[in-house]
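The values are calculated or read from the model by the stated rules, or taken from the named source; none is laboratory data. Worth saying up front: this structure is predicted, and the values here are computed from it rather than measured. Every residue, glycine as well, gets a Cβ built from its backbone with ideal geometry; the counts of neighbours run over all protein chains shown. Calculation scope for accessible area: heavy atoms of the full protein, side chains included, ligands and nucleic acids excluded. Shrake-Rupley method; radii C 1.70, N 1.55, O 1.52, S 1.80 Å.
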Amino acid sequence: MTVLFIIFAALAVAWMLAYHRLPALAWAMAFGAGLALVTAWSGWPRAALAALWIFFAVVVSLTFPSALRRALVSRPLLALFRRLLPQVSRTEQEALDAGTVWWDGELFSGNPDWQKLLAYPKPALTAQERAFLDGPVEELCRMVNDWQITHELRDLPPPVWQFIKDQGFLGMIIPREYGGLGFSALAHSEVVMKLSTRSGTTAVSVMVPNSLGPAELLLHYGTEEQKRHYLPRLARGLEMPCFALTSPEAGSDAGAIPDFGIVARGEWEGQEVLGIRLTWEKRYITLGPVATLLGLAFRLYDPEGLLGGEKNLGITLALIPAGTPGVHIGRRHLPLDQAFMNGPNWGRDVFVPMACVIGGLAYVGQGWKMLVNCLAAGRSISLPALSAATGKMAALTTGAYGRVRQQFRLSVGRFEGVEEALARIGGNAYLMEAARVMTAGAVDLGEKPSVVSAIVKYHLTERGRQVINDAMDVHAGKGICMGPSNYLARAYQATPIAITVEGANILTRTMIIFGQGAIRGHPFVLKEIEATRERDPAKALRDFDAAFFGHVAFVAANEARAFWMGLTEAYFVKAPGDRHTRRYYQQLTRLSSAFAYTADVAMLVLGGSLKRRERLSARLGDILSYLYLASCVLKRYEDDERPAADLPFVHWAMREALSRIEEAFYGFFANLPSRLVAWLLRGVIFPFVLPYGREFAPPKDGLGAEVAALLLAPGPARERLTRGVFIPAGENEPIAVLEAALAAVIAAEPVGAKVRTARDRGVIAGRHAEDMVEEALAKGVIAPGEKAALDRAKLLRRRAIMVDDFPRDLGPTEIYQTTEPVTLEALRGGAGRA
């Protein structure tokens, strides 16, 4: 019994020390004191006690950094690691080195510092940026008609192109010293988002020059001469840029591009200069058909040694004027019927001077690193903005349509099946906006969050796809009939484009998020890898020793923390938040420890094969992603000063994220090759097998009904959720009509209830709605003003639900709509946004 008690006491002490991540000195002191007590009071034989003291001395000597530990333990382990670690290609290494570690590092720590997250300043626009949104952006939205652009012109009208150039839309990221607007990442994101709610083609045409391309590459890597020449021209629209990366034989595997350049001497502007002979074939290049300046990625070779070094110099980036002899600008692609300019270009044996290389000779062969560094920031802005716009637009229109459209004398939004779709739209829209703002804010803080940018790219575009699908389901026939009155179909058509570009989503989920995050975000893995590549033997051994034993302590701490928080359901975790959100912080802390522990076990058990087990890697990436997205939701709630009206959105988003995390854990356990390890992992992380299933249930129906109700009526929560959507004015604007119809229907509902009550009581006897209303007016059941409210609601409801029709041959684009026009007076009567 005494022996068992001592063993259990030792385990309890070890657990406490590991849980609190106490240093090796604390461990030595605790177990030294315990062993002293055993020696004094146990009565054990002296030989046994001596053996224990010897064992203790050996363990302590190996616990603290020392030459002995490095010689006996770390040196053979370092040799083993060098043999076992998979080879990493140059492009893979450059991708791993790209960007910065931000909040993803805290989530990988197993003990995120929530106060650190909440202390980040709330992202905000400057007065100049707000004025731009309220002025030129609103004006541009009023100028464009998406149906005209996509169906009739297949391009932006010339006055729109000129307005975009004149107002500086193409130079938002270019500093003012070079003639640009010098906007923040948040402002860039806000502009793209608002334009997206009006016209996807307009948004993409503005977005691309401000994303990964010549301007951004020049800002970070260009020579001063290149900056002074090109940036003012790009800012004013005197040059139209594109960036040519994707080849027919190299898409997501951009590091394998076959396009090449040969260092050579040739003639340029009448003089013989050192330059490059380029051969390439590119496709899917946005703005390519109208570009005057091509950013080009290619492999550079120097077979004659003209640059005096290696023959294979690696991926290089250059700026090629489109008018250069031998450059061919191809015809247009038509990506899912979208009208933004996109097409192929190619060239064969095109000579350009070495001065065309971005950054000059210093950046020859550095192209891949330049791209992935810029992508780490750029991917955090553009596509999340498009996705958030889809969520906001779907929430605004589907909520209004669900209230206005009636079936079986009931607004369709009141049907439980439709409520389910509305809840997903509202919850996802809230989460997407939270992630968009927090991630853009990180870029403005100076971060280039490579893993986080992959998370928001993948998850926001996927949630955008779910949102637009739900919106189309609710709109039904209204959503599928094309025409000027359809405000959803083009976004629905364009959704797969966002899924595909800047790293296809399947690749991003299965290979990038965890594959890159496990190395960059983990506090010790990258240090261990770097130690194996260190050429100085003494430094390599010291670095590896510190990293490895730090890693061991890290794993022990996360195991202890995950198990204890699983046993206690994290109730004793110190956490911020109010009574509505504190439990979420506690559970995320628990799941962060569980994730860190699981990731380490996976890397230990699977080793280098984890890189090839893409579905397991994807599930670990899902856990990290949902931890990040949930963090964004909590940050938004705090930044918005905890509005009580938004709590249904917060609860829906958090519970959905927690259930997805648990689902990913169980999917990982079910597919881990070692069943014993899977069983042990589940026992540590989820120690209780609950009689009613798993711990984190998805949002319940009642919560979904609360979210849906917020979309079905104007109010502060709906206003905050849809802030940034362009709301047009005018009698032929379908969204203006829909918003007016929503206000009119809500105003008329009490009047309709009075008429129905009178009918049920036998006061009126009409059989048809029109007859009942007239009789109710004649008998004084309703007043003339109330009848006018019913008439206005009827008129606007009909206008809102009608779809466009065309001549039989679909030839002329003039639209005949099978309803009478709506006057401005009808729109204004009782209309307006809450």
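When the Karplus curve 6.51 cos²θ - 1.76 cosθ + 1.60 is applied with θ = phi - 60°, which whole-Hz ³J(HN,Hα) does each residue of the stretch 510-522 get, with x for Gly and Pro?
7, 10, 9, 4, 7, x, 7, x, 5, 8, 6, x, 5
Return the sequence-ordered ³J(HN,Hα) values of the stretch 300-305 in whole Hz as given by the Karplus equation 6.51 cos²θ - 1.76 cosθ + 1.60 applied to θ = phi - 60°, using x for Gly and Pro.
Along the stretch 300-305, the couplings run 10, 10, 10, x, 9, x Hz.
What's the angle, to the nearest 10 degrees (0 to 90), between helix 382-404's Cα axis and the longest principal axis of the chain?
Long axis of 382-404 versus the principal axis of the chain: about 40 degrees.
If we sort 640-646, 585-591 on the protection proxy, mean other Cβ atoms within 10 Å, highest first, what's the order?
Highest-to-lowest ranking by the protection proxy: 585-591, 640-646.
Just want to confirm a number: the relative contact order over the stretch 172-244, from Cα pairs under 8 angstrom separated by 6+ residues, in percent.
Answer for the stretch 172-244 is 34 percent.
Around H580, which amide H atoms from residues at least 5 apart in sequence, or from another chain, sit under 5 Å from its own amide H, with H modelled in the peptide plane?
Correct list: empty.
Of K700, K635, which has the most accessible area and how do the rest follow, probe 1.4 Å?
So, going from the largest accessible area down, we get K700, K635.
Let me know the shape class of the stretch 551-661, please: from the alpha-carbon gyration tensor, a ≥ b ≥ c as square roots of the eigenvalues, rounded when a/c is under 1.5, otherwise prolate if a/b is greater than b/c, or oblate.
It is oblate, given that a/c is not under 1.5 and a/b is not larger than b/c.
Which far-off residues, 5 or more places away or on another chain, put their amide H under 5 Å from the one on K448, with H placed in the peptide plane?
Under 5 Å from the amide H of K448: T100.
Tell me, what HN-Hα J-couplings in whole Hz come from the Karplus equation 6.51 cos²θ - 1.76 cosθ + 1.60 at θ = phi - 60° for each residue of the stretch 188-196, using x for Gly and Pro?
Taking θ as phi minus 60°, the curve returns 3, 5, 5, 5, 4, 5, 5, 4, 5 Hz for the stretch 188-196.
For the pair A47 and R265, how long in nm is the line joining their label points, each one 7 Å along Cα→Cβ?
8.9
As an exercise, use a Förster radius of 22 Å and the Cβ-Cβ distance of N111 and R612 to find the FRET efficiency, rounded to the nearest 0.05.
0.10
Among (i) 30.1; (ii) 33.5; (iii) 27.3, find the value of Kirkwood radius over Cα pairs in Å that was calculated from the structure presented, and write down its label.
For Kirkwood radius over Cα pairs in Å, the calculated option is (i).
Expressed as an acute angle from 0 to 90° and rounded to the nearest 10, what is the orientation of the C-alpha long axis of helix 46-63 relative to the principal long axis of the chain?
Once rounded, one gets 50 degrees.
Within the chain, what percent of beta bridges assigned by DSSP are antiparallel, to the nearest 5?
Just about 80 percent of them are antiparallel.
Dipole of the chain, Cα-centred, from +1 at each Lys and Arg C-beta and -1 at each Asp and Glu C-beta, to the nearest 20 debye?
2040
So between A476 and E304, what do we pick up on full extension, going 0.36 nm a residue minus the alpha carbon distance?
Taking 0.36 nm per residue and subtracting the Cα distance, the gain is 55.4 nm.
May I ask you to rank F260, F554 by accessible area, largest first, using a 1.4 Å probe over the protein chains only?
Ranked from most to least accessible, the order is F260, F554.
For the chain, what is the accessible area per residue in Å² when the probe is 1.4 Å?
Normalised by residue count, the accessible surface of the chain is 43 Å².
Of the accessible area of the chain, with the probe set at 1.4 angstrom, what percent is carbon plus sulfur?
Carbon and sulfur atoms account for 58 percent of the accessible area of the chain.
In percent, how large is the relative contact order of the stretch 263-373, given Cα pairs closer than 8 Å and 6 or more residues apart?
Here the relative contact order equals 34 percent.
In terms of modelled amide H atoms, which long-range or inter-chain residues lie less than 5 Å from the amide H of L313?
Hits under the 5 Å cutoff: L300, Y301, D302.
Using only Cα atoms, tell me the angle between helix 701-711 and the longest principal axis of the chain; keep it within 0 to 90° and round to the nearest 10.
Once rounded, one gets 50 degrees.
Would you rank K787, K122 by solvent-accessible area, highest first, keeping every protein chain in place and using a 1.4 Å probe?
Putting K787, K122 in descending order of accessible area: K122, K787.
Using a 1.4 Å probe, how large is the accessible area of D771, given in Å² and rounded to the nearest 10?
Near enough 80 Å² of accessible area.
What number, in percent, do you get for the relative contact order of the chain if the mean sequence gap of Cα pairs under 8 Å and at least 6 apart is divided by its residue count?
Result for the chain is 14 percent.
Which of the listed residues, V605, P121, S592, is farthest toward the dipole's positive end in the chain, when Lys, Arg count +1 and Asp, Glu count -1 at the beta-carbon?
So the residue we want is V605.
Report, in deg cm²/dmol and to the nearest 500, the calculated mean residue ellipticity at 222 nm for the chain, where each DSSP H run with n ≥ 4 adds -39500 (n - 2.57) and the sum is divided by the residue count.
Helix contribution divided over all residues of the chain: -18000 deg cm²/dmol.
Apply the a/c threshold of 1.5 to the C-alpha gyration tensor of the stretch 727-767 and tell me whether it is rounded, prolate or oblate.
prolate
Checking the a/c ratio against 1.5 first, then a/b against b/c, what shape does the Cα gyration tensor give for the stretch 187-253?
Cα axes put the stretch 187-253 in the oblate bin.
For A24 paired with A362, estimate the spin-label separation in nm (one decimal), with each label point 7 Å from Cα along the Cα-to-Cβ line.
Each label point lies 7 Å from its Cα, and together they span 4.2 nm.
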